[in-house]
Each structure stands twice: as C-alpha cells, then as structure tokens.
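The structure under discussion appears below in the form of structure tokens.
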C-alpha cells in the first residue's frame, strides 16, 4: 500500500507544483518578441513596479518589526493593567484582510465622510475644500494598513521566542546591576532576532502577494501589474515576465524566512534551569499607561474601529431602506464562498493526511521523489495568487494551442475545477504543515507496536493515526477554509462566469465606490477569519506540557 501511495502522491504533488514551474519556464521560451516586451517594460512600467513594491516592502517591514516586537516585549516582559487581555486581543487584526481594512478606513476618513464633514462644521470650515488630513488612498495609507494587518506575524514569533527564558535572563541581568534599557536591548531583544526576521519575512510575502489594497488605492505594484497585463492589455508575455520576477523575489524571502526559522528553533531550545520563578516586571503610573496605549492602538485601529465602522455603514443602509444588496443574492454569494472553501479545505486536508502518512513511512524518511515533490508543494503558500493564476493559464494556453481538441483551457479557465486547483496549489502547504505538526506529537514507537500486533498500513492509519490527528486535521481544514474565503487575485482571474465569492463581491462594490454595500460581505469575511484567531489564542493560553 505504501509503494502505491508514493506512486500516486508524487505525480499529484508535481501537478500542484505545475503553475510555479510554468511561470519559471516562461524564462526559457524567450524569443525576439519576448525580448521586445521586456525592453518595453524596462522603459515604461517595470521601474515603477519595482520601486513601489520595494518601497512598500521596506516601510511595511520596518513597521511590523517595530510594532510586533514592541507589543510582544510588553506583554511578555512586563505586567500592567490589561496585559492578559492584550495577549489575545493583539491577534485580532489577523482576522481582518488588508483590503477590508482599506474599505473601512477609506469610508471613514475620506473628504466627504462624516468624520471630516463633522470636524469642518465644528471648526467653522464649512466652505473649505482642503482635506483635514492626507488621503488614506495613497502609498503611505497602504503602508499603515499593511502594518496594522500584518504585525501579528512578528508579534506571535517574538512572543514565543521570548517566553519565560527572557524574563529569567532579564532578572539575572537586573541582579548584576544592568539598567532597564540595557536589559531589554542587550538581553531580551537579541534572543528574538531570528523570530523578528522570520515574522518580518512572512509579512513581506503577504505584502507583495496583495492585490486588493494595491488595486483599490491605485498603486503600481507587481501584483496589480500582473493582473493589468493579463486581463486589461491581454499580454501574456508581459504578465509571465512580471510573475517570474515577483516569484524570484518571494523565493528569496522564503529562503530568508526558513533560515530564520532554523535559527529560531536553535535559539529557543532549552528553557534554562527552573530554580527560581521569574515574573514579568510590574509597571505602574506613566510607564503602565504608555504600555497600555502601545498595545491598545493597533487593536483599535486594526480591528475594533474598522469592524464598528463597517457595522455602522451596514446599519445606516438598512435604516434608510437603501440597502442595495438583496439578501437572496448575498446568500448565493455566501453559499458559493462556503462551497468552494469547504471543498478546498476537505481536499487539502485529505491530501495532507495522505502525504503525512506516506512521509512518516520508513522511519519518517519516505521515498526521495515524494520528499522532493512535497517540498516543491510547500512553496505554494509563499506564491502570490496572481502568480498562480498566470502559472495555470500559461500551460493551459500552451496545451490548448498544440492540442485544440483536448479542451484543456476550457477545463481550468472560468470553471470551479480550475479555481479549486488554484486553491490547492496555494493552500495545500498550510494543511500539510499543520498535519505534520500533529504527526510530530505521535511517537514512532506506536507504529512499531501496532505492526508487531499485525496491523496493516490501512488499519494503522484509520484506527490509530486518524483518531490521534483529529484536532490537527480539523485545524488544517479550518485554516484552509478561512484562507480560501479571503483569497482575491486568483479568484478574480479564474472564477466561473456569474459565480462570485464574498471577497470578489466586496472588491467589486468597493471599486465602484459602493462602500456601504461592501460592508456586509466584508463583515462576513472578518467573522469567518476570527475562527483561526480564536483557536490560536486558546492554544497560546494553554499550559505548556511539563
């Protein structure tokens, strides 16, 4: 059974890696026309795409590094009023997609919005034509929104890296006479440097992969350029070249993140002697108020106030009787989203369970081809949705041109099958990592005992592994489900005609300046996104095993 499983899973993993390989292969099929397109892009749009994407990455990276590290250090190393609540509340912005945050803040802060209108009347500036603050739909507005949405990546890893060990070492440094500034900067934060690097790399991959904020704010990034080249200018060569450049950048970030993760596991190993119990330093007065404010601001700006504003927009539309979203159509969009997300979650979890079981065979080594195929599959989550869409359409177009009777393009473009294929390419890695984490807690000795008692591979998996992996499998399915609900660029390109998801509907309504109507699908996406955040906060509060 194990050999047959390897033979089945290896080509399946390679099939899911085909979009990434297809984008990379676009560099091999260069001709005079492709070189002409590249020269034209270098002379026109490519420098702008590169500069704006690099600028976003630079400032978002600095922002998430500072905010995530500061909040993690405060809740880990210090004790102040509200600290226990902030430990989980600082995770809430993870549930808020960046494009939904952009819709909420645009409506709240725009020139004709109620905040500016009310302030101008209160200040006697009724005839003023200048805005009271810069337009949120700008480069710096995008930086702010990305920082508010993505700092939890750094917060989570830095908090885990510091843990109790940093508190103990800071206490030892205090007894040696080190002042507070030196204890934090030279004892605690150096321990968290690999965690800061890993979290920042994850945030940068999400920033470069984003399409919704860039398109809504009118930014010229690689993701928006890929979409524009393919669907607006109908230039697949330009789209493939842009996708390949973005893929190389994301690949470099992925390598940096994995290097930092390896250092993180080394740096965080061992908890030190547990002789004396060290406690976080108690803050009072002004320092406690500052700590409270630093932790409260990102929670308020990144989750609480946007959710309240979206709910206000929805309530006002309903009260005025001008609600433009018929409930029957909303139910149709929601059911389409849930159907696609549920199918993708089940398929990705089943694939992850099969891969986890196959890789666990032969002492956890598995076969070399399957290991290599699984490693390629794990790259999918780091690849932007726009790149995956191009990677699917390029091979489909090539096959359709050479085998017109096969109907390959009709199978993957504008169909639910093509969309599910893109979701599996993008999110199977999430399920696989979660299942492998569950398998890591199952001792290999259990397998040996079952085999000695005469259990075959199927009985070993179905009656022993599967009951032990129920929670991991459920977590994997939920994570994939939520990721699919929020996914936008690949869905925009590949969705079937007349079948929109909540993310696509929210984007289209916001693009048409119908922000109040975009509130309902946006709130639905946020509500679904709260599921993994609640799971994560409960896992972090669970006592560590002795």
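The values are calculated or read from the model by the stated rules, or taken from the named source; none is laboratory data. A quick note: this is a predicted structure, and the numbers were derived from the prediction, not measured. Here the Cβ is made from the backbone with ideal geometry for all residues, glycine too, and neighbour counts use every protein chain on show.
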Only one of 418, 414 is closer than 24 Å to residue 499 by Cβ, in contact (Cβ under 8 Å) with a residue 12 or more places away in the chain, touching a helix residue (DSSP H, G or I) at 6+ places or on another chain (Cβ under 9 Å) and not in a helix (DSSP H, G or I), namely 414
Do we find a residue being outside any helix (DSSP H, G or I), at pLDDT below 85 and buried (at least 20 other Cβ atoms within 10 Å of the Cβ) anywhere in segment 498-508?
yes
Looking only at segment 470-486, decide whether some residue is outside any helix (DSSP H, G or I), out of contact with any strand residue (DSSP E or B) (no Cβ under 7 Å at 6 or more places or on another chain) and within 22 Å of residue 331 (Cα to Cα).
no
Output the number of the condition that residue 523 fails; it satisfies all remaining conditions of (1) in contact (Cβ under 8 Å) with a residue 24 or more places away in the chain; (2) under 22 Å from residue 420 (Cα atoms); (3) surrounded by fewer than 21 Cβ atoms within 10 Å (Cβ to Cβ).
(2)
Residue hits (segment 451-463; part of a helix (DSSP H, G or I) and under 20 Å from residue 6 (Cβ atoms)) are 451, 457, 458, 459, 460, 461, 462
Hits in segment 171-188 (condition: surrounded by fewer than 21 Cβ atoms within 10 Å (Cβ to Cβ) and either in a helix (DSSP H, G or I) or in contact (Cβ under 8 Å) with a residue 12 or more places away in the chain (or both))
171, 172, 173, 174, 175, 180, 181, 182, 184, 185, 186, 187
Restricting segment 452-472 to residues that are exposed (fewer than 12 other Cβ atoms within 10 Å of the Cβ) and more than 35 Å from the chain's Cα centre (by Cα), the residue that is nearest to residue 354 (Cα to Cα):
456
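Conditions (1) part of a loop (DSSP other than H, G, I, E, B); (2) at pLDDT 85 or above; (3) over 23 Å from residue 538 (Cβ atoms), marked per residue:
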| site | (1), (2), (3) |
| --- | --- |
| 62 | no, yes, yes |
| 68 | no, yes, no |
| 74 | no, yes, no |
| 111 | yes, no, yes |
| 115 | no, no, yes |
| 119 | no, no, yes |
| 125 | yes, no, yes |
| 132 | yes, no, yes |
| 137 | yes, yes, yes |
Would you point out which residue out of 296, 345 is under 22 Å from residue 471 (Cβ atoms), modelled with pLDDT of 85 or more and part of a helix (DSSP H, G or I)?
345
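Within segment 485-505, identify whether any single residue is over 23 Å from residue 415 (Cβ atoms) and within 20 Å of the chain's Cα centre (by Cα), and answer yes or no.
No, segment 485-505 contains no residue that is over 23 Å from residue 415 (Cβ atoms) and within 20 Å of the chain's Cα centre (by Cα).
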Selection count where residues are buried (at least 24 other Cβ atoms within 10 Å of the Cβ) and closer than 21 Å to residue 305 by Cα, scope segment 62-96:
7
Might you check whether a residue that is modelled with pLDDT under 85 and not in a helix (DSSP H, G or I) occurs anywhere in segment 162-170?
no
Answer with yes or no whether residue 467 is under 18 Å from residue 339 (Cα atoms) and at pLDDT 80 or above.
no
Can you confirm whether segment 203-221 contains a residue that is crowded, with 17+ Cβ neighbours inside 10 Å, over 22 Å from residue 144 (Cα atoms) and at pLDDT 80 or above?
no
Does residue 328 meet the test of being modelled with pLDDT of 90 or more and assigned to a helix (DSSP H, G or I)?
no
